[in-house]
Amino acid sequence: MALVSFFMDLAVSKLTRGKMPNNIMEHSTHSICAGPLYPSFLCAVAVDSHSTSAQALQVVGLTCVLASGTTVFLGKVGPFVHLSTMMGAYLQRIPVINANKAKSPVGMLVVAAAVGVASCFSAPVSGVLFSVEVMGSHYAVRDYLPCFLAAACGALTSHLLTIFSREKETVQALFKTSYSAEFPFQPAEILAFALLGLLCGAVSCIYLFSHQWALRFTRTNKLLIRILANQKVLYSGIVVFFLASVTFPLSAGNFMAAKLSMKQLLFTLLDQKQWQAVSQNASAPEDNPEALWQMWCPPGTSVFLTLGLFLLLKLWLLVLSCTLPVPAGYFMPAFIYGAAIGRFLGELLAYILPHGMSRHLNPGGYTLAGAAAFSGAVTHTLSPALLALELTGQRTHAVPVLLATLIANMLTRARNRPSFYDNIAIVKKLPHPPSLIRTCPRLSTVQLGQVLRPLDAVVAREEGLMGVQQLLESTSETVFAVVDSHDSRTLLGSVTRSDLEKFLQYHSNRSTNPQVEDVGIIKTVKIHLSAETPLKQAYAIMGVLRETHLFVTDKGRLSGIITWTEVRNHSTL
């Protein structure tokens, strides 16, 4: 996956070079019309490839989207984790790797999720924490060591590839910063970081509400439904052309640092200089990376204008981008947007307190905390706090970054508000029980007795060949409960359909008439639940044990069965 990430970034850099000719800025009339056509074409290719084969051409589509740059303001992480899990699922099918048949394939997917993040950001610890948070319902301690091993290998390979390609001279953080370790921040600034957490949480609530509304609108508006069903390429081309026109450097993009790539946006925002203070004496922007921050300070404008316009427009443009039917990630845009919120607050404090604590105030620290807080609030995770530290190598700001992230999460999670990914699951009616609990909290108290499926097809322990044959012909169940008798229905164990079929084949031509209990095919039931058990608890147990079904009993008497089908049905209510 590290190799895939490296060559994908290489292809994106090649495609980006053709994005804008050197002399396009000299002809404003033609460039405003022609400039947005290139990203529109790339996104049209991405839609077409994704529609042709959502799995096989995922790399092609994602590369085209990333090459569109800050026009569509979309990232890489989500689809890349998807690619990683697809690779894990493929490896799981190889007999040499899957020698232990008892090993669950979920373990490979858990490891693959960690590798996806680690390969993108060269951040192994954050990758493991991300895997724990995302796969929490299915995560087992036995996957902890494989996760760290694979994530470390992916991160190390990414580092070595950047060195071999001469992009970097040694192994270091992806966005290396050099903030003061002796005096990183003043004690009074803790209150400012807490305020930043509240601000990021409030803005994330606005963004999540807008995102959910946009998703619902695209799935309920009859005209959009027809367009997205038959004219995805046309819809994407029009939307991207509009986005590119708004963010074009000769239009509003001139006040939003539109010439910078996604990586350059984050790199400049992390700058420790106080832009408003030094912009008065700054010369024209230079080509060296240290001067790229001047893109945020066009001549005759204030840094507050550019940052404010960026925050105002990018919020709604990002919501619009989320409706595009293309493979794209939304974590990195949220991370950069949060960084801009933090930068704005840091610059504002430096401006308000020119002779107070701003003497040692570092706006880059607020950028770091804002990036983690907003992205963590949007996704309802804490791994962005650790990711921010691993990306920059700036451990001196661990406390304020974590504080801001926790406060933003607390505000966004209030009253069970769904996260970005839960919004998608809710609107698309995907079988995702955590989303169900957040959108309808009362269902956390629903008991299994209200949703379980009664079992009429059961196997008595004294069942003979005739009874087993009639049972298999009357139902298509794959697992059967074994009871003491049809009258008592006391649960003794379970038996699979394949074992019963083998039982019939082996004894059908023999003179004996054995019973099910005599051939040793009854398996012990690991756990069975009572009818009073909450549905939420049953889901958690099924996730931890990696079971597809659980039997429900009342004082040992079989009441029914709960399967993923029942869970899925309640997820789509």
inquiry  = Yes or no: the stretch 441-457 includes at least one residue that is surrounded by 15 or more Cβ atoms within 10 Å (Cβ to Cβ) and free of Cβ contacts under 8 Å to residues at least 60 places away in the same chain.
reply    = no
request  = Among the residues of the stretch 391-413, write down those that are of a type in the set (Gly, Ala, Ser) and farther than 12 Å from residue 201 by Cβ.
outcome  = 393, 398
inquiry  = Restricting to the stretch 165-189, give me the number of residues that are out of contact with any Phe, Trp or Tyr (no Cβ under 9 Å at 6 or more places or on another chain) and open to solvent by 50 Å² or more (accessible area, probe 1.4 Å).
reply    = 14
inquiry  = Can you confirm whether residue 467 is surrounded by 13 or more Cβ atoms within 10 Å (Cβ to Cβ), without any contact (Cβ under 8 Å) to a residue 40 or more places away in the chain and of a type outside the set (Asp, Glu)?
reply    = yes
request  = Could you tell me whether the stretch 18-30 includes any residue that is over 24 Å from the mean Cα position of the chain (by Cα), assigned to a helix (DSSP H, G or I) and at pLDDT 75 or above?
outcome  = no
request  = Identify, by number, the condition in (1) over 20 Å from residue 270 (Cβ atoms); (2) among the aliphatic types (A, V, I, L, M); (3) over 17 Å from the mean Cα position of the chain (by Cα) that residue 382 doesn't meet.
outcome  = (3)
message = Just the residues that are more than 40 Å from the chain's Cα centre (by Cα) and part of a strand (DSSP E or B), please, taken from the stretch 467-491.
response = 482, 483, 490, 491
query = Going by the conditions given, is residue 378 buried (at least 21 other Cβ atoms within 10 Å of the Cβ) and not in a helix (DSSP H, G or I)?
reply = no
request  = Please work out which one of (1) more than 30 Å from residue 361 (Cβ to Cβ); (2) among the hydroxyl-bearing types (Ser, Thr, Tyr); (3) not in a helix (DSSP H, G or I) is the condition residue 157 fails and give its number.
outcome  = (3)
query = If you take the residues of the stretch 543-573 that are at pLDDT below 75 and hydrophobic (A, V, I, L, M, F, W, C), which of them is nearest to residue 424 (Cα to Cα)?
reply = 573
request  = Kindly establish whether residue 548 is touching a strand residue (DSSP E or B) at 6+ places or on another chain (Cβ under 7 Å), open to solvent by 80 Å² or more (accessible area, probe 1.4 Å) and closer than 30 Å to residue 110 by Cβ.
outcome  = yes
ask   = All but one of (1) within 29 Å of the chain's Cα centre (by Cα); (2) modelled with pLDDT of 80 or more hold for residue 37; which doesn't?
value = (1)
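The values are calculated or read from the model by the stated rules, or taken from the named source; none is laboratory data. Since the structure is predicted, the reported quantities are computational estimates derived from the model, not experimental observations. Virtual Cβ from ideal backbone geometry, glycine too; neighbours counted across all protein chains shown. Only protein heavy atoms, including side chains, enter the accessible area calculation; ligands, DNA and RNA are left aside. Shrake-Rupley method; radii C 1.70, N 1.55, O 1.52, S 1.80 Å.
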